[in-house]
Amino acid sequence: MLCAIGGSFFVSQLTAAVEWHVIKINGRDFLSVDNIAKFYGFPNPTINGKNVDLNNGKNEMQFHLDSREILLNGVRNWLSFPVFVHDGKIVVSRIDLAKTLEPQLRPNMIPKLDRVRTVVLDPGHGGFDKGAISGYGYEKDYALDLARLLRPLLQAKGFRVVMTRESDVFVPLELRARIANATSDSIFVSLHFNATDRDPLATGFEIYSLTPRGAPSTYEDGLTLASVNIQNGTEADAASVELSSCIYHSLLGHIGEFDRGIKRARFAVLRLTKIPAVLVESGFLTERGESRLIANPGWRQKLADAICTGIDNFRALADSKKPPLVVADYRRQKPGGAAPEKESLVNPAAPPTLSLDMLHSERPSENPAPFQTPTPSPIGSAPVEP
């Protein structure tokens, strides 16, 4: 305990001695990577081609020049604006520093991080809104089953659980947000499975929290007039991105799916919710192999276990400032669990895929299925080759 207190005091003394030097570029604020490194106690950055690495033994980051992707403690994060070189300095947007890096580098410093006693689980879609479809089933059914698996796990850890839907019914997005906002000491976790009509081979996990005010969402190429005019952002912004981080590190640490990243969006359930809120995309129903996994009840149980662990880590942070585990910690806990070779952004992933599920999450249509598929088998039954 004395060491921890002494370490915290040392870090606070170090950061207090570092001044921010804001760089104005085309009317927007940026900070240099060197300035960021000094503030957070990183040694001088190491530059390898277009990769810029920082590691202080506690946190590690890898920026990629001219890209919005970074690795933060081994997990992909999507920034609002690219990192680039200006007048010989590598610069990062002030919005990204404040809204994405700071909450994850110093989660114990998040303001107004209230205790967590209730989890509002939001199984996506329902009723006439089937969500994404595979040859094995509907997203609405998988999401509801995942919530039903997750609920007793959370209750066993002492959480109160509220469900936005208990059965195959359609619940308007605004009502889902109202249910969340009516709870106290709570967080909101919306459960989905992904789909895309652009890349049938797309796989992996991703997670969303609300896009910061004045910034583009991850799937937008740049700042649009619409995103400038949207007056969003809540006091829970920092807590939401850290909740994303806690859940996402657990998912990747326990289940070896492709890392699509911690992302931002203005989905209605995020935009209208005033408590810490995230939307989880647990794999693609449009990819043959992953759709088979999603159809497997045992695999969905693993998803529930991992999400529960991430939520519990967030509660420990909120209640006692306990640092959350990161993906490397989870991998070390596995039997024979040497961490895999460190990921690099030398060849960053393709730009984010605009998934069909994104469109459904914003404004469900009467017939959201974008393509014809075989009649799905009942959820929980053994998958049959389509």
Spacing of the two label points (7 Å from each Cα toward its C-beta) at residue 302 and residue 155, in nm: 2.6
Label-zone membership for region 129-158, site residue 322, 7 angstrom Cα→C-beta point, backbone N under 19 Å: 153-158
Only Cα pairs under 8 Å and at least 6 apart count here; give the relative contact order of region 128-171 as a rounded whole percent. 35
Put one equal scatterer on each alpha carbon of region 95-171, apply the Debye formula with no solvent term, and list log10 I(q)/I(0) at q = 0.17, 0.22, 0.26, 0.27 1/Å to two decimals. -0.80, -0.90, -1.04, -1.10
Overall Cα dimensions of region 164-311 - principal axes, largest extent first, Å: 41, 36, 30
Is any residue of region 102-129 close enough, with backbone N under 13 Å, to a label point placed 7 angstrom from the Cα of residue 185 along the Cα-Cβ axis, and if so, which? 114-119
So for the pair residue 55, residue 109, with labels modelled 7 Å out along Cα→Cβ, what separation do we get in nm? 2.3
Relative contact order, percent, region 148-263 [alpha-carbon distance under 8 Å, six or more residues apart]: 25
Would you mind calculating the gained length between residue 178 and residue 128 on full extension (0.36 nm times residue separation, minus the Cα-Cα distance), in nm to one decimal? 15.9 nm
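For region 102-232, what does the alpha-carbon gyration tensor say about shape, rounded, prolate or oblate, given a ≥ b ≥ c as the root eigenvalues, a/c under 1.5 as rounded, and a/b over b/c as prolate?
The shape class here is oblate.
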With eigenvalues of the C-alpha gyration tensor scaled by 5 and rooted, region 18-119, Å: 24, 16, 14
How much length is gained on full extension from residue 23 to residue 86, taking 0.36 nm per residue of separation minus their Cα-Cα distance? 21.8 nm
For residue 193, residues with placed amide H under 5 Å, excluding near neighbours: 282
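Relative contact order of region 13-105: what whole-number percent is it, with Cα pairs under 8 angstrom and at least 6 residues apart?
Dividing the mean separation by the residue count of region 13-105 yields 20 percent.
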Across region 280-287, in residue order, what do the Karplus-derived ³J(HN,Hα) couplings come to in whole Hz, using 6.51 cos²θ - 1.76 cosθ + 1.60 with θ = phi - 60° and x for Gly and Pro? 9, 10, 9, x, 9, 7, 8, 10
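Only the coordinates and a few stated rules stand behind these numbers; no lab work does. In this text, all values refer to a predicted model and were calculated from it rather than measured experimentally. Using ideal geometry, Cβ is built from the backbone for each residue, glycine included, and neighbour counts are taken over all protein chains shown.
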